[in-house]
Every structure is written in C-alpha cells, then in structure tokens.
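The values are calculated or read from the model by the stated rules, or taken from the named source; none is laboratory data. Only a predicted model underlies this, so the values are computations on that prediction, with no experimental measurement involved. Note: ideal-geometry Cβ built from the backbone for every residue, glycine included; neighbour counts use all protein chains shown. We work out accessible area using only protein heavy atoms, side chains counted, and drop any ligands, DNA or RNA first. Shrake-Rupley method; radii C 1.70, N 1.55, O 1.52, S 1.80 Å.
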Amino acid sequence: MSKRATLGKRSSPDDNQQAEPLRVALLTPTLAPAGGLCRWSREMVRALEMVTTPDQLSIDVLCRSSVDTARRTIEQYGLRCNPHDMWVGTASPKDALRSIKRVGEQLDQIRPDVVYTPLDWLWLLADRRRTRPRVIAVAHGEPSQGSINRWNRVLAKHLVRTGALTLAANSPRQCPTLDGVVGVPVGTSITIPVATDPILPNTPDDTDEPAVDLRDHLNIVPGEMVVLTLCRLVPGKRVDLVLDVVDRAIREDLAIRFVICGDGPELAPLAG
C-alpha cells in the first residue's frame, strides 16, 4: 500500500461524498487496567482519540485475550474504539498458519489504513495473499536476538525494505539497537514512548482518612525484607518461580516476605 498514513480522512472518489475517517487497527492482549502491553495499548487508543474526532479517526482493537474485559475497559475509560475477538493459537505450526489466515480475514473485513502491532506479533500479518495495510510494529523492552525471534526479524526487514512497515521502539536509546537486531540501516526506527495512566481527579488528597500502614496491615515485622510484584497473574509471568525462590530463602532463615499485587487466572493455583 503506497498511500502514506496520516491522521485525517480517507479520500473519497466522489468529491460530493463525505470522506471516510482514517481507520486504525490495534493488535493487543486486551485493554485491561493493567501494566505492560495492556497499558501501552490503552494509552495509545486514548491518545489517538484525544486528538481526533470520530469523523477523522476510527479505531478497531483486536484482542488476543478477553474481549469482554476490553469492553468493560472501554466503558470505564470512556473510549470509543471497537473491540474484536482475535483468536490466536500457537500450539503447532498448523495452529500458527490458521491464526495468520484468521487475522488476515479479520483485517480484510475491517479494511484498516494502518495496523499497530507488537513486533513479537508481526508474524500474524505474514499472509501475502491479502492486501497489507501500512504497519507500525513496536518493540517493547530492550531489543535483542533473543527477544525478537528470527521470523519476525526476517519479515520486519522485508517490510521495511518495501516501505510497508515502520519500526518503533519505546525510547530513543533503543532505536539503534532495534535497527541492528532487525538488520536495517541505523536511523530507521522511530520512537513511540510508553504512556502512563493519569491520577483520577475524583480522588482528593485532602481527605481526613488516616493513611494505612501497609506493613502493619500485612503483619510485616521490622527488618523483614519485602519483595513486591505488580502484574497480571498469567502463566507467562512465571510468578511460581519467584515463589520457589522465596520459599528457599525462608528455609535458609532469611527474613523475607513476597507480596503479590494483581489478579488473573493463576491466582488460585499460586494461592494453593
């Protein structure tokens, strides 16, 4: 697709007709009120919607995890994007090929001008039989040969060379590393910073309620070391490994307490 993507309206073949809004598709786990990629995706949607109107921009969110959670988040944050369930399976090569086909079919139905995707998921756009829109692939975290697999690197290098892909990192410092890992000229990548959720205005600081002493509330004794994790409790976070390490430390008479702040499908197994 040779048309350069800009925030505006799609041109109409008939000047008497109203131009269509630019359409963006965002591939994400979900828009849940959590950190990491969920936060980045939610803030990307919110930032784009803050500087545009509905007749300028339409956003479709393809959720790899829970589309129901995305709908609740859209209502909670007052977003106007359109959520879709994106089924992706990776248990076998056949599942991966089926996933590429299904995502391609979804994008054919949505007909976006631009697709935002994590660089780790670029392989989902590998179906050459379909019209590929302009793609922006973002590398979250420190780019390396280990964090970006070979297939995504090869596809990214090809799409950059054909002008179909814009590479992005979370900070200017990471851009040269990303260019080197993918194998494109230094200076190719752009920066899309990670945003943070603002403090809600309906939580005043001048409340008369006394501050809660969390150490006392959790019965943490003086001198006890506290290890804290704040994350969604899913298998990929491997919180179980941290529990094993903490358990071993306690057996060696180290004063340590592991505090988990988060929820998710692994909560019950970890608590058990």
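Summary table
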read-out: Sites Ala47 and Arg130, calculated FRET efficiency, Cβ-Cβ separation with R0 35 Å, nearest 0.05; value: 0.80
read-out: Highest-fluctuation residue, Ala47, Ala164, Ala70 considered, GNM on the chain with Cα pairs under 10 Å; value: Ala47
read-out: Simple spin-label estimate for Glu252 and Asp55 in nanometres, 7 Å along Cα-Cβ; value: 6.7 nm
read-out: Accessible surface of the chain [probe 1.4 Å, protein heavy atoms]: carbon and sulfur percent; value: 53 percent
read-out: Residue with peak Gaussian network fluctuation, the chain [Cα springs, cutoff 10 Å], from Pro176, Pro185, Pro222; value: Pro222
read-out: Net length gained if the chain between Leu218 and Lys101 were fully extended (0.36 nm per residue, minus Cα distance); value: 37.2 nm
read-out: Gaussian network model of the chain, springs between alpha carbon atoms under 10 Å - residue of Leu241, Leu119, Leu62 with greatest fluctuation; value: Leu241
read-out: Solvent-accessible heavy-atom area per residue, rounded to whole Å², over the chain at 1.4 Å; value: 60 Å²
read-out: Thr90-Leu228 pseudo-label distance in nm [points 7 Å out on the Cα-to-Cβ vector]; value: 3.0 nm
read-out: Zone of Ser144's modelled label, taken as backbone nitrogen in the range 227-271 under 18 Å from a point 7 Å along Cα→Cβ; value: 237-238
read-out: Cα-centred dipole magnitude for the chain, charges only on beta-carbon of K, R (+1) and D, E (-1), debye, nearest 20; value: 1900 debye
read-out: Projected label distance in nm at Leu241 and Arg173, using a 7 Å step from Cα toward the beta-carbon; value: 2.3 nm
